[in-house]
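Beneath this line is the structure, given in structure tokens, with notes to follow.
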Amino acid sequence: MKVVRRPEELEQTPRAVAIGTFDGVHLGHRRVVDAVKAAELASTVVTFDPHPRVALGYEVELLATIERRLELLAEAGVEEALVVEFDLELARLPPQEFVEAVLRPIGAEVVVAGLNFRFGRARAGDLGLLERLGFDVRKVPLVEGVSSSRIRELLRAGEVERAAGLLGRPAELEGIVVAGDARGGTLGFPTANLRLDPSLLVPKYGIYAGAAEGHRAAISIGTNPHYGGGERRVEAYLLDFEGDLYGKRLVLQLWRRLRDERAFESEQELVAQIARDVEETQAAEPPL
């Protein structure tokens, strides 16, 4: 998938364009992508970075970074993506000016979006306005019960299997592998410690079965209470893995929440519990 940051980087050719933030690229977003592809024009997604709510000073816990969003859109079959920088100047544009600055220059003819799509200053623009401006507007019905907000609620509760049903894929966490305390290696379970983008949602603390890099992974999200930790850590023990992951971007799939994190009476008891977590991870199945 070709990714650009300015409209002039795309050839002005007849296009079917989907507009939105696409946070998580869930089943509702995929329905929009399918409608864009069905238009039989160059399929293009217009999305925003940073997330509009973040740019406007609101707190939002994202389901995916822009890098992961673009990967998922490419996997869904989108040909090109225009990532528009969302800043206060863009937020102040009246809807008609947004159209002339972003959609007209790339040759948009078909515009696809969910029924609740709004754009422009004070969210004054809608699909009806786009129709009046001459676009062939394809209104995509919402998928009942599916929204980024609902998925966030499920992840905060640790319900990763239910979240997967709305995403159409396992829930994920991504980050860069950094040096940790190296305790896992001394216990016989060396872990990859992830530094996360601070804007990402982190699911409920606990131990999860999942996968990364094509290997099953036992994943700990929390503060290492056995060692009196206070700082949040995300650590993954990749089963049957050998190699150096330092500095690598890692995408963790979260398949099932196994248990709460807790302190143990002894390190021996901790090691025995980790071994049981690994056994459960070996037996776990992906949620989809």
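The values are calculated or read from the model by the stated rules, or taken from the named source; none is laboratory data. Being a predicted model, the structure only gives us computed values, none of them experimental. For neighbour counting, all protein chains shown are included, and Cβ atoms are generated from backbone atoms with ideal geometry for every residue, glycine included. Calculation scope for accessible area: heavy atoms of the full protein, side chains included, ligands and nucleic acids excluded. Shrake-Rupley method; radii C 1.70, N 1.55, O 1.52, S 1.80 Å.
Number of residues in segment 47-89 that are in a helix (DSSP H, G or I) and at pLDDT 95 or above equals 10.
From 130, 142, 93, grab the single residue that is surrounded by 14 or more Cβ atoms within 10 Å (Cβ to Cβ) and part of a loop (DSSP other than H, G, I, E, B).
Values: 130 fails: part of a loop (DSSP other than H, G, I, E, B); 142 fails: surrounded by 14 or more Cβ atoms within 10 Å (Cβ to Cβ).
Answer to the check: 93.
Checking each residue in segment 127-171 for being of a type in the set (Val, Ile, Thr), within 14 Å of residue 28 (Cα to Cα) and touching a strand residue (DSSP E or B) at 6+ places or on another chain (Cβ under 7 Å) picks out only 140. Return yes when residue 172 is more than 25 Å from the chain's Cα centre (by Cα) and either within 22 Å of residue 251 (Cβ to Cβ) or not in a strand (DSSP E or B) (or both) and no when it is not. Considered against the rule, which asks whether it is more than 25 Å from the chain's Cα centre (by Cα) and either within 22 Å of residue 251 (Cβ to Cβ) or not in a strand (DSSP E or B) (or both), residue 172 comes out as no.
Within segment 249-268, being surrounded by 12 or more Cβ atoms within 10 Å (Cβ to Cβ) and either touching a residue at least 60 places away in the same chain (Cβ under 8 Å) or assigned to a helix (DSSP H, G or I) (or both) holds for 249, 250, 251, 252, 253, 254, 255, 256, 257, 267.
Of all the residues in segment 24-40, those that are in a loop (DSSP other than H, G, I, E, B) and open to solvent by 50 Å² or more (accessible area, probe 1.4 Å) number 1.
Let's see how each residue does on (1) modelled with pLDDT of 95 or more; (2) touching a His at 6+ places or on another chain (Cβ under 8 Å); (3) open to solvent by less than 40 Å² (accessible area, probe 1.4 Å); (4) farther than 20 Å from residue 66 by Cβ:
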position: 136; (1), (2), (3), (4): yes, no, no, yes
position: 153; (1), (2), (3), (4): yes, no, no, yes
position: 166; (1), (2), (3), (4): yes, yes, yes, yes
position: 183; (1), (2), (3), (4): no, no, no, yes
position: 207; (1), (2), (3), (4): yes, no, yes, yes
position: 215; (1), (2), (3), (4): yes, no, no, yes
position: 219; (1), (2), (3), (4): yes, no, yes, yes
position: 226; (1), (2), (3), (4): no, no, no, yes
position: 237; (1), (2), (3), (4): yes, no, no, yes
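Scanning segment 97-114 for residues being touching a helix residue (DSSP H, G or I) at 6+ places or on another chain (Cβ under 9 Å), closer than 26 Å to residue 141 by Cβ and either of a type outside the set (Val, Ile, Thr) or touching a residue at least 40 places away in the same chain (Cβ under 8 Å) (or both) gives a total of 10.
Just to be sure, is residue 109 at pLDDT below 95 and open to solvent by 40 Å² or more (accessible area, probe 1.4 Å)? So residue 109 does not fit the description; no. For residue 161, state whether it is open to solvent by 30 Å² or more (accessible area, probe 1.4 Å) and among the charged types (D, E, K, R). The answer is yes for residue 161.
Of the numbered criteria (1) more than 30 Å from residue 52 (Cβ to Cβ); (2) of a type in the set (Ser, Thr, Tyr); (3) in contact with an Asp or Glu (Cβ under 7 Å, 6 or more places away or on another chain), the one residue 237 fails is (3). Among the residues of segment 269-288, the ones that are in a loop (DSSP other than H, G, I, E, B) and surrounded by 12 or more Cβ atoms within 10 Å (Cβ to Cβ) come to 3 in all.
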